[in-house]
Amino acid sequence: MGPVISPDITVHVVWYGTWKPAQKRIIREFINSFSAPIRRSPSVSDWWKVVQLYTNQTGSNISRTVTMGQEKNDRLLSQGRMLTRLSVQLVIKAAIKAKKNPLPAQSKGGLYFVLTSDDI
C-alpha cells in the first residue's frame, strides 16, 4: 500500500489546445460532483464515498473534499501536439510560473491536470 491524499483535494486544470465553453463546463461539473451534496444514485459522490474508505499504512483515509481549483489555458500548444511525460511537466511548471494569473504551487492536496483538446 502506498500513500493516499488525505488533505482536501484541489484540482487545478490546464486546458491544452482549443476547448469550447460547453466542454469545459462538463469537466468542471464532473470534478465538483465528487463532493456534491446528496444526489440521486448512482452518482460520482456515491462512488467517492466508497473510495474514501481506503486507507494507507498509517490508517489515513482519502480526502472527503474534492474541489475545482484554478484554471489556465494553453491554446498556443506551448509543447506542441505530441506530449511526453516531460512536456506535460513543463506545461504545469509554466502554468505555475506564469506572470499573469499563475496556478498556485500547492504541495499538499493539489492535483494538476493537463487536459488536451480532441485535436491533440
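The values are calculated or read from the model by the stated rules, or taken from the named source; none is laboratory data. Given the structure is predicted, the values throughout are model-derived calculations rather than measurements. Because the Cβ atoms are built from the backbone with ideal geometry, glycine has one as well, and the counts that use them run over all protein chains shown.
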Among the candidates LYS108, LYS99, which residue alone is of a type in the set (D, E, K, R) and under 14 Å from the mean Cα position of the chain (by Cα)?
-> LYS108
Out of the residues in region 8-48 that are modelled with pLDDT under 85 and loosely packed, with under 13 Cβ neighbours inside 10 Å, state the one that is nearest to PRO104 (Cα to Cα).
-> PRO37
Return a yes/no flag: does region 55-66 have any residue that is more than 30 Å from LYS20 (Cα to Cα), among the aliphatic types (A, V, I, L, M) and assigned to a loop (DSSP other than H, G, I, E, B).
-> yes
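Among residues belonging to region 90-120 that are in a helix (DSSP H, G or I) and of a type outside the set (A, V, I, L, M), point out the one that is surrounded by the most Cβ atoms within 10 Å (Cβ to Cβ). Can you show your working first?
Of region 90-120, the ones in a helix (DSSP H, G or I) are 90-97.
Keeping just the survivors that are of a type outside the set (A, V, I, L, M) gives 93, 97.
Details: LYS93: 13, LYS97: 10.
Filtering first and then ranking leaves LYS93.
Listed here are the residues, each with its yes/no results for (1) over 17 Å from GLN70 (Cα atoms); (2) out of contact with any His (no Cβ under 6 Å at 6 or more places or on another chain); (3) of a type in the set (Ser, Thr, Tyr).
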{"site": "PRO7", "(1), (2), (3)": "yes, yes, no"}
{"site": "THR10", "(1), (2), (3)": "no, yes, yes"}
{"site": "VAL13", "(1), (2), (3)": "no, yes, no"}
{"site": "ARG25", "(1), (2), (3)": "no, yes, no"}
{"site": "ALA36", "(1), (2), (3)": "yes, yes, no"}
{"site": "VAL44", "(1), (2), (3)": "yes, yes, no"}
Failed item, numbered, when GLY80 is tested on (1) within 15 Å of the chain's Cα centre (by Cα); (2) small (Gly, Ala, Ser); (3) closer than 16 Å to THR116 by Cβ = (1)
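Could you say which residue among ILE31, ILE62, ILE38 is of a type outside the set (Gly, Ala, Ser) and over 19 Å from the mean Cα position of the chain (by Cα)? Can you show your working first?
Numbers: ILE31 fails: over 19 Å from the mean Cα position of the chain (by Cα); ILE62 fails: over 19 Å from the mean Cα position of the chain (by Cα).
The match here is ILE38.
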Is there any pair with a first residue in region 10-27 that is under 20 Å from VAL91 (Cα atoms) and a second that is modelled with pLDDT under 95 and assigned to a helix (DSSP H, G or I) whose Cβ atoms are under 9 Å apart and which are 6 or more apart or on different chains, and what are they?
-> VAL11/ILE31; VAL11/PHE34; VAL13/ILE31
Tell me, yes or no, whether region 51-73 has at least one residue that is modelled with pLDDT of 95 or more and among the polar types (S, T, N, Q).
-> yes
